[in-house]
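The values are calculated or read from the model by the stated rules, or taken from the named source; none is laboratory data. Keep in mind it's a predicted model, so treat the numbers as computed, not measured. Cβ placement follows ideal geometry from the backbone for every residue including glycine, while neighbour counts extend to all protein chains displayed.
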Amino acid sequence: MRGNVVTNSVKLTDVKKSFNGHDVIKGVSLDVQKGEMVVFVGPSGCGKSTLLRLIAGLDTPTSGQIEIAGNDVTYAHPSKRGVAMVFQSYALYPHMTVADNIAFALKIQGLPKAEIDAKVRDVAEVLQLTHLLKRRPKALSGGQRQRVAIGRAIVREPDVFLFDEPLSNLDASLRGQMRVEIARLHTKLNATSVYVTHDQVEAMTLADKIVVLNAGRIEQIGAPMELYRKPANLFVAGFIGSPRMNILGAKVRSSSGEAVTLDTPQGVLAIPRTGAQAATGASISLGIRPENLHVAAAGEEGHLSGYVILIERLGGETFAYVTLKGFDGEPVILKLDGEAQVHNHQEVRLTVDLNRAHLFDEAGLAVGVSPDFADKTDGSGHVQ
Amino acid sequence: MYNNKLIGSLYVTPFVIGFLLFTAFPFVASFILSLTDARLQDQLGAAQFTGVANYTGMVADSTFQKSLGVTFAYVFITVPLKLAFALFIAVVLNFKLRGIGLFRTAFYLPSILGGSVAIAVVWRFVFAGDGLINQGLGSLGIGGVNWLGEPTTAMFSIVLLRLWQFGSAMVVFLAGLKAIPEDLYEAADLDGASRMKQFWMITLPLLTPVLFFNFIMQIVQAFQEFNGPYIITAGGPLKSSYLLPLMIYEEAFKYFNLGYSSALSWVLFIIIAIFTAVAFWSQKHWVFYAQDRGDDKGGH
Amino acid sequence: MVTATIDTGWRKHLPVLNAFLRYGILILVGFVMIYPLLWMIGGAFKNNAEIFSSIGFIPKAPTTDGFVNGWKTSTEYSFATYLLNTMKIVIPKVIVTVISSVVVAYGFARFAIPGRKWLFALLMATVLLPKSVLLIPQYLMFREFGWLDTYLPLYAPQAFATEGFFVFMIIQFMRTLPLDMEEAAVMDGCNSFQVLTLIVCPVILPAIISVALFQFMWSMNDFLQPLIYLSSVEKYPVALALKMSIDVTEATSWNEILAMSTIAIAPSLILFFAAQKYFVEGLTSGAVKG
């Protein structure tokens with residue numbers, strides 16, 4: 001591979017990792033293209049941080065291969081991989097000034113002092129840290145520390161930036177601000193980045209490509225909107241999107257070329273779906289995002305009915321929790337306008353954007369694609 | 001990096017070498033010596049194997065029995081008194097008052113200096129016939145006591161030197177007290193528990209890990225006391241302050257009986273081992289650990 | 001701070017009573033605790049007659065006779081020799097103790113070492129093991145090495161982290177450090193030794209200072225080891241010199257001995273006041289965090 005034009009910056013091939021006989025990563029293969037921002041997302045314990053540490057070289061895989069910029073680095077020293085990492089805790093050296101923190105890696109490399117100084121100055125400029133260079137980490141705010149941590153990574157001019165939940169120690173407003181800043185830097189530096197987070201908002205907003213991990217396996221890889229529109233399975237459907245997608249249990253009544261017809265406790269519901277296969281009588285899960293459920297207008301019959309049990313007014317939008325008649329399980333959530341006229345204990349009829357509904361079979365895999373999203377593609381993602 | 005066993009082993013190698021050379025080997029050698037009649041001035045090769053004769057000999061050695069009794073008396077008096085006093089003062093100190101730091105310093109200082117020859121020398125003068133204490137008593141019209149010349153009072157003087165050094169135990173207690181969350185007391189206040197009840201029901205149980213630590217350290221140190229009695233009383237009068245470490249030293253370096261001295265040191269070791277073993281064994285019945293202690297695992 | 005008002009219930013007075021009681025106990029105990037030290041220092045500036053006649057610690061007619069005569073000592077060497085000898089023992093001892101303890105503690109605190117639990121148990125056992133069990137074989141061993149009447153037996157073993165207490169103290173400190181920081185250093189290109197020297201050591205400096213100070217004090221106070229290993233008076237440290245001086249001059253010149261005792265504890269005293277917090281931290285790290 002060496003010498004050729006390499007388009008993939010990071011390539012994992014069937015990477016596995018176990019700690020004390022416990023499998024944490026159960027075989028992950030992945031390509032990260034040059035200049036891409038790839039976000040690993042998943043619940044805690046899904047292995048996303050471990051995977052990042054394997055790429056960083058802080059841990060070595062039990063089996064499999066890791067390539068960075070075309071070189072096999074599976075067992076290379078972390079500093080010899082062309083990667084730089086931004087840690088969740090920032091991991092700044094408390095006894096060094098900001099300038100020394102940023103310069104540290106270059107000093108270890110043994111670069112001449114003048115060159116180090118110039119590079120540190122440039123990085124400080126980019127991150128607006130120039131006036132803080134003489135300070136120690138203790139005297140910095142959370143956001144400033146975060147920027148130093150990023151500066152420490154940038155100064156090394158790595159092939160790949162690794163971010164390990166870099167924003168989770170910041171408060172909410174600063175987190176939003178830093179998120180924008182990281183996105184801006186990523187574009188500006190034309191850098192390849194791998195970013196780990198448990199926050200799906202960060203994943204949606206930052207990623208060119210999201211990798212959803214669960215229990216050491218990749219559930220789906222794709223562009224943010226692609227995962228949102230075409231979740232490959234129930235796990236991804238539940239994980240991406242907030243509030244979560246509503247999942248209703250039903251049975252397949254019949255399936256034709258154009259629609260899958262469901263038997264629900266509230267009667268028959270036909271979900272338009274081209275070319276979907278579903279065995280009659282099989283259990284099936286109907287997935288409806290909160291914004292695809294609406295209160296039926298007066299006189300309109302609607303698809304479902306139930307009672308409002310709780311209303312959360314966030315100002316710009318309103319979440320209504322509705323218990324559907326005859327359905328088991330949790331109430332469904334509706335995302336309504338901020339001024340929506342609903343009240344507690346109200347009986348409501350609901351309409352469903354049937355063209356945006358999702359179907360999942362007994363194994364949890366998606367059944368066909370919602371018609372509204374069928375021909376939309378976004379980015380280079382693919383369903384695995 | 002931290003899972004590299006080879007590099008890790010390299011870092012602990014000095015300890016392993018030091019342990020083998022300066023601890024494990026002498027430890028075993030000392031036991032072997034204790035089964036011989038080795039003498040300091042002779043070649044080791046000249047020593048005869050005498051079996052357990054050194055140990056059985058102790059039964060008939062009245063000096064040993066005296067020394068053993070004195071050692072137990074010294075430990076049993078100093079350790080509880082010192083711990084109780086350290087705890088009492090720590091509780092008094094654990095209060096937001098002006099100048100509390102100054103008192104802590106004053107109480108801690110003696111335990112830093114107390115082991116030194118200089119302090120032992122001062123102690124000898126304080127308890128001397130015309131020393132500080134007798135002068136003080138004299139000014140009150142009380143006749144002087146021959147502190148270092150009477151068995152009971154000689155022991156008293158070296159016991160007092162140890163009690164004087166209660167500061168280190170106190171500092172540990174104080175840190176333990178400060179680690180007890182304030183809201184426990186506030187909750188107890190709301191429950192109507194009296195101060196006394198709070199001490200017995202909250203403070204003491206939560207302090208047991210620290211008490212355990214102090215107890216072990218004090219036992220181990222008290223059994224090894226040497227400087228004080230050696231310099232102040234030289235073990236006298238009538239061997240009334242002749243602690244085992246003094247006897248071990250004198251048997252070896254004054255009477256040159258290496259074999260017997262080694263046997264004595266093994267007796268001391270076994271006594272300390274029994275005490276610490278019992279303490280560790282019993283801790284599950286009385287030591288209360290508020291949180292699970294972090295497991296003994298670093299790195300990945 | 002607290003003001004009492006008459007017309008409220010008696011409980012209002014509790015804080016005052018409480019503070020009063022506490023101060024009372026503390027002042028009383030503090031006075032008794034410190035008096036021997038004051039008496040020693042005061043006595044060093046008195047003449048002998050006054051030492052025997054007054055229990056006050058402030059000298060009525062201060063004199064430096066005690067220092068002047070005491071400094072000459074009853075031997076052919078001045079007290080300066082003994083002070084210098086002490087430093088020749090203590091300084092190397094502190095240095096090798098710190099280095100070996102830090103290196104070994106790093107291994108224990110961070111690395112997956114085969115048999116680590118056992119090694120750690122042995123380390124802790126050395127804290128509890130009475131030194132007198134090792135005394136005679138160590139003496140014979142150093143005699144074989146030809147180290148008698150040199151300072152080597154006094155500090156060479158410390159180069160091998162033989163003081164388990166210090167290693168344990170540093171391990172406790174290291175465990176409180178976030179691993180992230182060391183991993184960041186690895187990513188920045190450090191090997192483990194560079195992580196230790198460039199990152200870990202500066203950060204645990206307080207613990208290192210604690211170890212250095214404790215070892216300094218203990219070595220200053222050490223008496224038994226020099227007593228056994230040193231036979232030439234010219235090599236005596238202060239501890240032995242003081243003991244020798246009371247054997248020789250006790251009856252007559254207390255002021256000289258008190259003066260030399262004062263000088264003997266002066267370094268420890270100064271260090272203690274200058275760095276008290278390190279003593280407290282060092283002592284409590286083992287007990288409270290453990």
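Being touching a Phe, Trp or Tyr at 6+ places or on another chain (Cβ under 6 Å) and either farther than 17 Å from B:Phe85 by Cβ or without any contact (Cβ under 8 Å) to a residue 12 or more places away in the chain (or both) is the filter here, so list the residues in the stretch B:210-242 that pass it. The answer is B:Asn227, B:Ile232, B:Gly235. All of B:Leu68, B:Leu81, B:Leu20 fail the test of being assigned to a helix (DSSP H, G or I) and either within 11 Å of chain C (Cβ to nearest Cβ) or closer than 26 Å to C:Ala159 by Cβ (or both), apart from B:Leu20.
In this structure, is A:Ala279 out of contact with any helix residue (DSSP H, G or I) (no Cβ under 7 Å at 6 or more places or on another chain) and in a loop (DSSP other than H, G, I, E, B)? Spelling it out, A:Ala279 is indeed out of contact with any helix residue (DSSP H, G or I) (no Cβ under 7 Å at 6 or more places or on another chain) and in a loop (DSSP other than H, G, I, E, B).
Report, ordered by the first and then the second residue, all pairs with beta carbons closer than 8 Å, sequence separation of six or more or different chains, a first member in the stretch B:24-47 that is away from every other protein chain (no Cβ under 11 Å) and in a helix (DSSP H, G or I), and a second member that is surrounded by 16 or more Cβ atoms within 10 Å (Cβ to Cβ) and among the basic types (Lys, Arg). Filtered contacts from the stretch B:24-47: B:Ala46/B:Arg39. For the stretch A:47-65, a residue qualifies if it is over 15 Å from the mean Cα position of the chain (by Cα) and either among the polar types (S, T, N, Q) or on the phi < 0 side of the Ramachandran plot (or both), and the qualifying residues are A:Thr50, A:Arg53, A:Leu54, A:Ile55, A:Ala56, A:Leu58, A:Asp59, A:Thr60, A:Pro61, A:Thr62, A:Ser63, A:Gln65. In summary, A:Leu174 fulfils each of the numbered conditions (1) buried (at least 20 other Cβ atoms within 10 Å of the Cβ); (2) touching a Gly at 6+ places or on another chain (Cβ under 6 Å) with the single exception of condition (1).
Among A:Ser9, A:Ser79, A:Ser44, which is the only one that is at pLDDT below 90, within 21 Å of the chain's Cα centre (by Cα), among the polar types (S, T, N, Q) and over 19 Å from A:Lys209 (Cα atoms)?
Exactly one residue qualifies, and that residue is A:Ser44.
Mind listing whichever residues of the stretch B:98-123 are more than 7 Å from chain C (Cβ to nearest Cβ) and free of Cβ contacts under 8 Å to residues at least 24 places away in the same chain? B:Arg98, B:Gly99, B:Ile100, B:Gly101, B:Leu102 - these are the residues of the stretch B:98-123 that are more than 7 Å from chain C (Cβ to nearest Cβ) and free of Cβ contacts under 8 Å to residues at least 24 places away in the same chain.
State yes or no: is A:Ile210 part of a strand (DSSP E or B), surrounded by fewer than 24 Cβ atoms within 10 Å (Cβ to Cβ) and touching a strand residue (DSSP E or B) at 6+ places or on another chain (Cβ under 9 Å)?
no
Per the conditions (1) without any contact (Cβ under 8 Å) to a residue 60 or more places away in the chain; (2) in contact with a helix residue (DSSP H, G or I) (Cβ under 7 Å, 6 or more places away or on another chain); (3) buried (at least 20 other Cβ atoms within 10 Å of the Cβ), the sole criterion not satisfied by B:Ile158 is (1).
Hey, any hits in the stretch B:138-160 for a residue that's within 22 Å of C:Phe272 (Cβ to Cβ) and more than 7 Å from every other protein chain (Cβ to nearest Cβ)? Scanning the stretch B:138-160, I find at least one residue that is within 22 Å of C:Phe272 (Cβ to Cβ) and more than 7 Å from every other protein chain (Cβ to nearest Cβ), so the answer is yes.
Regarding the stretch B:185-203, can at least one residue be identified that is assigned to a helix (DSSP H, G or I) and touching a residue at least 24 places away in the same chain (Cβ under 8 Å)? Within the stretch B:185-203 (the criterion being assigned to a helix (DSSP H, G or I) and touching a residue at least 24 places away in the same chain (Cβ under 8 Å)), the answer is yes, since at least one residue qualifies.
Summed over the stretch C:199-210, the residues that are facing chain A (nearest Cβ under 8 Å) and either modelled with pLDDT of 95 or more or surrounded by 15 or more Cβ atoms within 10 Å (Cβ to Cβ) (or both) give a count of 2.
One line per residue, one yes/no per condition, for (1) modelled with pLDDT of 90 or more; (2) away from chain B (no Cβ under 11 Å); (3) in a loop (DSSP other than H, G, I, E, B):
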| site | (1), (2), (3) |
| --- | --- |
| C:Thr75 | no, yes, yes |
| C:Leu84 | yes, yes, no |
| C:Val90 | yes, yes, no |
| C:Val96 | yes, no, no |
| C:Ile99 | yes, no, no |
| C:Gly107 | yes, no, no |
| C:Leu123 | yes, no, no |
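Of all the criteria given as (1) free of Cβ contacts under 8 Å to residues at least 60 places away in the same chain; (2) out of contact with any Lys or Arg (no Cβ under 8 Å at 6 or more places or on another chain); (3) in a helix (DSSP H, G or I), the one not satisfied by B:Val92 is (2).
Looking only at residues in the stretch C:176-197 that are within 23 Å of A:Pro137 (Cβ to Cβ) and surrounded by fewer than 19 Cβ atoms within 10 Å (Cβ to Cβ), the one that is nearest to the other protein chains (Cβ to nearest Cβ) is C:Asp180.
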